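**Q** Got a structure here, written out as structure tokens. Questions coming.
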Amino acid sequence: LQNLSQTPVLRELLKEAKMLDTTVKIESPELSMEPQLIKLDQPGPLTLAMYQFLTEMQETKKGVVTPKELFAQVCKNRFKGYQQQDSQELLRYLLDGMRAEE
């Protein structure tokens with residue numbers, strides 16, 4: 001999650017996705033590709049929880065950040081209880097889940 005919080009494109013997309021029926025322009029000079037225009041619908045609960053968590057992580061005045069809402073959304077659909085899970089599986093679930101909510 002710390003790595004995702006340092007991904008500027010993801011943070012910008014989540015910030016834009018929070019607004020209703022918006023269109024975002026994605027440009028990537030590093031990849032030398034044409035800019036992409038993407039129309040975003042209203043975000044789902046997992047996407048909103050991820051946005052809230054990443055926003056809290058970026059706030060410099062906060063000390064400890066607890067991902068309560070994000071954890072609740074993840075546990076609701078995929079991970080049950082407090083068993084240890086593979087971090088790669090969690091990452092894949094988060095990204096696939098947010099993409100499915102588009």
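Here, each number is a calculation from the coordinates, and none is a lab measurement. Everything quoted here is computed from the prediction, not taken from an experiment.
**Q** Taking amide H positions as placed in the peptide plane 1.01 Å from N, state which residues far from residue 22 in sequence (5 or more) or on other chains have amide H under 5 Å from it.
**A** 40
**Q** Can you pick out the pairs among 18/61; 25/68; 18/68; 15/61 whose Cα atoms lie more than 29 Å from each other?
**A** Check vs 29 Å cut-off fails for 25/68.
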